[in-house]
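Okay, structure first, notes after.
No value in this document is a laboratory result; all are computed from the given coordinates. Note that the coordinates shown come from a computational prediction; the quantities given were computed from them, not determined experimentally. For neighbour counting, all protein chains shown are included, and Cβ atoms are generated from backbone atoms with ideal geometry for every residue, glycine included.
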Amino acid sequence: MEMRFSLALPREALSIPVVRRVVGDSLRGLGVSEECVGDILVAASEACTNVIQHARATGDYEVAGHVDDGVCSLKVMDWGHGPRPAPEDRGVLSESGRGIRIMRALVDDMSIDSSPDLGTVVHLRKRLTWRDEVLIGSLERRLMHSAG
């Protein structure tokens, strides 16, 4: 099963619950386990929060999602002025960079592409886990198909 979506959102905090609702409802509708949905929503929220707090451009940002072959891929994109100088590492308890550490802990793959005057794209990828009843239904369909 394949699904794609794209949201253009204003750079304001009220957009984050919209992202959470659309992404969460979409994944739940496909039968993704609640734990997996939760991990993806927290990571996506962190990426959106970083856009709202740190992007130096005005206007919208975009969240694009793609589910295919049991993997959810999200891109959170802004069109700001690119990266700021990296803050010096203040240790694990520092708030600076905490969102990036959270995202990396919750998804299988996370990367950031950023360039001057082109903005920043946060890429999040996570292999999906499914609710038990979805797995049972899938197995039943396969068995029925192979039985004839």
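Here are the numbers for this structure:
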item	result
Residue-by-residue Karplus 3J(HN,Hα) for the range 10-24, coefficients 6.51, -1.76, 1.60, Hz, glycine and proline x	x, 6, 8, 4, 5, 6, 5, x, 5, 4, 4, 5, 5, 5, x
Computed FRET value (nearest 0.05) for Asp69 with Arg4, which takes r as the C-beta separation and R₀ as 22 Å	0.95
Using a Förster distance of 22 Å, the FRET efficiency for Arg104-Val22 (Cβ separation, nearest 0.05)	0.40
